[in-house]
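Read through the structure below, which is laid out as structure tokens, and then see the notes.
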Amino acid sequence: MREAYDSIFDRLPLCQRIIRHKKYLPLFLDEQISEYVLQRIIGREKDRQGLVIAESLGVLFDVGVSVFVFLVHGLYAVNKQYKWSQSDEWLEAQKIIFELVYRGLQSR
């Protein structure tokens, strides 16, 4: 499973790729700073990701952005739960989350 994850790593959203950069870990461990960082990630990526999601779901751009914000915060919460470790359990959780999102997109 790890090889499959590694093979798509470069195509993942910024909020998922950043976990590999240990220099940013203190920013995510600090509760006050982490919300600021999340907002910066959202601000930087929302136009592109919101459009992709909106087009995939056939919804308005603002709804696509809302789904993106939900995903960023949700994935952040999962990363936090696993203490920013890319353990096998974390990888399994990521796989299930991505399957859930993918199936949701396919059902539209």
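What the table below lists for this structure:
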quantity	calculated
Euclidean distance of C-alpha centroids, region 23-42 and region 65-92, integer Å	13
Dimensions (Å) - region 2-106, Cα atoms, principal axes, largest first	36, 31, 21
Pairwise label distance in nanometres, ALA93 with ARG44, each label 7 Å out on the Cα-Cβ vector	2.3
Chain lengthening between TRP84 and LEU51 when straightened (0.36 nm per residue, less Cα-Cα)	9.0 nm
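Read the figures in this text as sums done on the coordinates, not as results from a lab. For clarity, every value in this text was computed on a predicted model and none was experimentally measured. Virtual Cβ from ideal backbone geometry, glycine too; neighbours counted across all protein chains shown.
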